[in-house]
Amino acid sequence: MKKTILIIVLGVVILVTIVLLRTFSFTAPQFSNTLSPVSVKSDGSLLSQAISYETISHKREMRDDSVFLAFHSFLQKSFPKLHRQLTRELVNEHSLLYTWEGADLSKKPLILAAHMDVVPVDYASRNDWDVAPFSGEILEGNIYGRGTIDDKGSLIAIMESIENLINQGFKPDRTIILAFGHDEEIGGNEGAKAMAVILEKRGTRAWMVIDEGGTLANGIVPGIEGTVALIGTSEKGYVSLEVSADMAGGHSSMPEPMNALEAVNRAVHILKENPLPDRFSEPIQGFIDHIGPNLPFVQKMAFANTWLFKPVIYNTYNKSASGAALVHTTQVVTMFNSGLKDNVVPTRARAVVNYRLLPGDNPQDILSRAKDLINDTIVKVTVYDDFAVAASPISDHSSLEFEFLANAIIAVNPNAIVSPYLVLGATDGRYYYNITDKVFRFSPIPLEKEDLNRIHGVNERVSVKGYEKSVSFYATLIKNS
Ligand SMILES: [Zn+2]
């Protein structure tokens with residue numbers, strides 16, 4: 001008996017020692033403040049003007065082509081030196097591909113991607129805005145309007161940084177390519193996808209591609225009060241499954257034991273009862289390694305010992321929808337159609353379940369898994385449409401390219417913690433893996449917690465100061481590359 005107690009005590013002591021040792025030796029990868037920052041002054045007026053062009057992405061047929069062309073003219077007028085120094089190509093009439101040829105052609109080009117299209121402002125919410133959503137008005141130090149965060153803020157900051165560098169007499173060593181899509185919000189097929197194909201056909205191998213998707217998060221990452229630069233190293237995949245049944249209907253006074261609606265309802269319920277398992281994908285493991293050492297002690301201990309505390313961490317993440325989305329492939333019923341009349345048994349029922357896939361899961365596996373779980377010959381399970389795509393490849397966060405990007409970020413934001421991240425939505429970035437394996441999703445526009453709802457929402461805005469820093473970030477990035 002005594003011996004058993006002794007063994008247990010010894011075991012606990014060893015366990016605690018390991019946990020503490022791992023916690024105290026848990027340090028984040030260090031990025032150095034070695035790049036010389038370029039400081040650019042900007043009053044945000046060019047971004048403000050850019051917002052007034054209503055470059056809205058509807059369905060393709062609803063697009064107002066003249067607005068996109070007017071936006072192009074605005075860029076030419078606003079950045080005259082850039083347009084003299086860089087070559088400019090139109091891709092599918094509206095996307096813009098610029099090349100600033102470097103002196104050293106042995107260096108692979110840096111590609112800066114952004115998109116000029118914006119989502120519409122829904123009519124019902126127009127009056128909730130503090131200013132007219134396409135006015136670009138500057139109010140109390142903030143530039144308001146649709147597209148300020150997503151993604152004209154980055155696009156105009158890139159151009160402003162280059163105009164400024166040209167003014168200083170700077171000539172790049174490394175070729176800089178700007179790829180500005182016009183249809184990101186509706187899939188990016190004519191824009192980014194086409195530009196990536198053109199570059200591939202030319203034999204371009206990019207050093208890295210930097211696109212939107214990550215952010216300078218102020219007070220957004222739980223446990224950290226300051227700024228975290230989240231660099232998206234992968235983006236989740238996407239598939240919708242249609243779950244349907246066709247059966248004889250009939251009069252509701254003499255119902256059969258099962259009908260189409262009930263069969264589909266049962267199938268959807270089974271899926272709901274079987275969520276996909278929690279796991280740390282590589283970008284999130286990277287996030288844990290970079291953020292963990294900066295957390296308060298208890299959280300730091302958990303992150304330093306995921307081998308022991310994984311269930312606790314999953315539990316914490318699963319308390320919020322945004323946290324849960326980081327640690328598993330999500331599934332949610334988004335459509336359910338059946339029934340016409342209260343006294344008629346429906347002959348057909350259909351539900352659609354949408355999945356956002358962690359790296360490693362693919363649409364075919366999700367389909368087979370759903371079929372196996374439902375295991376019902378009456379119910380048909382198929383892929384709903386042709387948007388199905390696996391998660392993007394993962395860009396290596398221990399690469400020199402990631403380190404360079406991180407160094408450029410802290411040259412301008414010295415107190416920021418830099419971390420890899422998993423992007424939950426889709427960006428144009430995924431199309432560029434044919435010309436590089438380093439696609440990093442990061443916009444230098446600083447965001448506060450309340451700003452997250454402004455993206456695609458009401459009162460989208462950036463601060464003039466934050467925008468100005470973004471211009472400095474791109475200038476620093478380009479000048480040091
Ligand atoms: Zn965007």
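The criterion of at least 3 residues that are in contact with a helix residue (DSSP H, G or I) (Cβ under 7 Å, 6 or more places away or on another chain) is met, among strands (runs of 3 or more DSSP E) falling completely within segment 409-461, by 417-423, 439-441. Residues in segment 368-390 that are in contact with a helix residue (DSSP H, G or I) (Cβ under 9 Å, 6 or more places away or on another chain), in a loop (DSSP other than H, G, I, E, B) and either under 26 Å from TYR431 (Cα atoms) or of a type in the set (Phe, Trp, Tyr) (or both): ALA388, ALA390.
Of all residues in segment 193-211, those that are touching a residue at least 24 places away in the same chain (Cβ under 8 Å), basic (Lys, Arg) and under 20 Å from SER106 (Cα atoms) total 1. Only one entry in ILE177, ILE162, ILE166 is under 22 Å from ARG84 (Cα atoms), of a type in the set (A, V, I, L, M), more than 14 Å from the ligand (Cβ to nearest atom) and out of contact with any strand residue (DSSP E or B) (no Cβ under 8 Å at 6 or more places or on another chain), namely ILE166.
Remark: GLY145 falls outside the filter, which requires a residue to be open to solvent by less than 20 Å² (accessible area, probe 1.4 Å), within 15 Å of the ligand (Cβ to nearest atom) and either at negative phi or out of contact with any Phe, Trp or Tyr (no Cβ under 7 Å at 6 or more places or on another chain) (or both). In segment 192-206, of all residues being touching a Phe, Trp or Tyr at 6+ places or on another chain (Cβ under 8 Å) and among the small types (Gly, Ala, Ser), the one that is farthest from the ligand (Cβ to nearest atom) corresponds to ALA206.
Of the helices (runs of 4 or more DSSP H) lying entirely inside segment 39-144, the ones with 2 or more residues being among the small types (Gly, Ala, Ser) are found at 45-51, 65-78. Within segment 434-460, the residues that satisfy the criterion of being within 18 Å of the chain's Cα centre (by Cα) and open to solvent by 40 Å² or more (accessible area, probe 1.4 Å) are ASP437, GLU448, LYS449, GLU450, LEU452, ASN453, ILE455, HIS456.
Results for (1) out of contact with any strand residue (DSSP E or B) (no Cβ under 9 Å at 6 or more places or on another chain); (2) part of a helix (DSSP H, G or I); (3) farther than 20 Å from PRO283 by Cα; (4) in contact (Cβ under 8 Å) with a residue 12 or more places away in the chain, shown as yes or no for each residue.
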{"residue": "PRO311", "(1), (2), (3), (4)": "yes, yes, no, no"}
{"residue": "ALA324", "(1), (2), (3), (4)": "no, yes, no, no"}
{"residue": "LYS341", "(1), (2), (3), (4)": "yes, no, yes, no"}
{"residue": "ILE366", "(1), (2), (3), (4)": "no, yes, yes, yes"}
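No other residue among LEU110, LEU165, LEU155 is modelled with pLDDT of 95 or more, assigned by TED's automatic domain parsing to the domain that holds GLN76 and within 27 Å of GLU450 (Cα to Cα) apart from LEU155.
Scanning segment 407-431 for residues that are open to solvent by 20 Å² or more (accessible area, probe 1.4 Å) and within 16 Å of the ligand (Cβ to nearest atom) gives TYR421, LEU424, GLY425, ALA426, ARG430, TYR431.
The values are calculated or read from the model by the stated rules, or taken from the named source; none is laboratory data. Note that the structure is a prediction, hence the values are computed from the model and not measured. In this analysis, Cβ positions are derived from the backbone assuming ideal geometry, glycine residues included, and neighbour counts consider all displayed protein chains. In case anyone asks, the SASA skips ligands and DNA or RNA and just uses the protein heavy atoms, side chains included. Shrake-Rupley method; radii C 1.70, N 1.55, O 1.52, S 1.80 Å.
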